[in-house]
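Right, one structure below, let's go through it.
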Amino acid sequence: MIKYYKQLPSTQTAVKEIAEKNFEEGFIIVAEKQTSSYGRIKRTWNSNVGGLWFSILLKPSIHPDEVSKLTLVLSIALKRSLKEYKVDSEIKWPNDIFVNGRKIAGILVETSVEQDRINWIVAGIGININNKPSKKFADISISLKEVLEKKVDRVEFFTEFLVKIEEIYSSFCSTGFEMFVEEYNMNIAYKNEIVIIDDVYNNIVSGINLGVDKDGRLIVNTKTGFKKIISGTLRKYKI
Ligand code: BTN
């Protein structure tokens, strides 16, 4: 079921409330505009009219340790959807989508776990489609309209993207992440370049980005050896 709203504080918050009421997986809320939308590490997310802002409720039968891999495969679904529009994109680990070095979309995955069991996952996805990124983010964000130099039919994009999510999600749930490793690494941004990662424990790791392993961890070749990072925020090292 897909519910559409003209305006909401956040589709993410709305689906999380629904999740607590035991709704079935696949429930989606999409909003034309969000007034309190947020991204990873609770950063403000800009959701002007013209973009595609939605959250989806998922209840996979996977171990909580597998959730970080699910976020990676969702980026592949988005990357594949953009490819349908002949747009080449890169995935900045773990799940930001970049085109021409600027961010076109972000994915936020939130989970409720109890005693090693997933109650629910809410995946919130924001894609700059026809919206104009705000002035503050103009040089780091890009929209699909800007890339294609024409307005995009959002319903068509959304429909195709949902088909891709369904395909990828069902393969991931039945066979796991391993079959996606190569595709992920082929499309990862700053591969073999020096990157800096702020991990979840506020440690800073820097080294050469070697891509992800079969467990979805980012392998970084640091001065003190190889490090495998499960989650964090990555940026390119600037001299
Ligand atoms: C990120 O890049 O940090 C993730 C951004 C996720 C934004 C989406 S838009 C739909 C959903 N509602 C929210 O409040 N956030 C997510």
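The set of residues in region 29-49 being in contact (Cβ under 8 Å) with a residue 40 or more places away in the chain and closer than 25 Å to S231 by Cβ consists of S37, Y38, G39, R40, I41, W45, N46, S47. Among the residues making up region 168-191, a single one is open to solvent by less than 40 Å² (accessible area, probe 1.4 Å), within 16 Å of I56 (Cα to Cα) and among the hydroxyl-bearing types (S, T, Y): Y169.
You will find that of D116, D88, the residue that is surrounded by fewer than 21 Cβ atoms within 10 Å (Cβ to Cβ), without any contact (Cβ under 8 Å) to a residue 24 or more places away in the chain and over 10 Å from the mean Cα position of the chain (by Cα) is D88 and no other.
Residues in region 32-72 that are within 11 Å of the ligand (Cβ to nearest atom), of a type in the set (A, V, I, L, M, F, W, C) and touching a Phe, Trp or Tyr at 6+ places or on another chain (Cβ under 9 Å): W45, L52, W53, F54, I56. Comparison of L74, L108 shows that the only residue that is open to solvent by less than 10 Å² (accessible area, probe 1.4 Å) and of a type outside the set (S, T, Y) is L74.
Just one of the numbered conditions (1) among the basic types (K, R); (2) open to solvent by 30 Å² or more (accessible area, probe 1.4 Å); (3) over 20 Å from S55 (Cα atoms) is not true of R80; which one? That leaves (3) as the condition not met. Of all residues in region 17-58, which are open to solvent by 60 Å² or more (accessible area, probe 1.4 Å) and part of a strand (DSSP E or B)? Residues satisfying the conditions are K33, T44. Of the residues examined, I204 is not one that is surrounded by fewer than 16 Cβ atoms within 10 Å (Cβ to Cβ), among the β-branched types (V, I, T) and touching a Ser or Thr at 6+ places or on another chain (Cβ under 8 Å). Just one of the listed residues (L78, L108, L82, L74) is over 22 Å from S231 (Cβ atoms) and hydrophobic (A, V, I, L, M, F, W, C), and it is L82. Residues in region 12-33 include none that are in the same structural domain as K145 (by TED's automatic domain parsing), at pLDDT below 95 and under 13 Å from the mean Cα position of the chain (by Cα).
Looking for whichever is within 15 Å of N95 (Cα to Cα), assigned by TED's automatic domain parsing to the domain that holds V30, out of contact with any Ser or Thr (no Cβ under 8 Å at 6 or more places or on another chain) and surrounded by 14 or more Cβ atoms within 10 Å (Cβ to Cβ) here; the options are I142, I165. Which one fits? Of I142, I165, the one residue that is within 15 Å of N95 (Cα to Cα), assigned by TED's automatic domain parsing to the domain that holds V30, out of contact with any Ser or Thr (no Cβ under 8 Å at 6 or more places or on another chain) and surrounded by 14 or more Cβ atoms within 10 Å (Cβ to Cβ) is I165.
Restricting attention to region 81-112, the residues that are touching a helix residue (DSSP H, G or I) at 6+ places or on another chain (Cβ under 6 Å) and modelled with pLDDT under 95 add up to 2.
The values are calculated or read from the model by the stated rules, or taken from the named source; none is laboratory data. All figures in this text were calculated on a predicted structure; none of them were measured in a lab. No Cβ is skipped: glycine too gets one built from the backbone with ideal geometry, and neighbour counts run over all protein chains shown. With ligands, DNA and RNA removed, areas are computed over all heavy atoms of the protein, side chains included. Shrake-Rupley method; radii C 1.70, N 1.55, O 1.52, S 1.80 Å.
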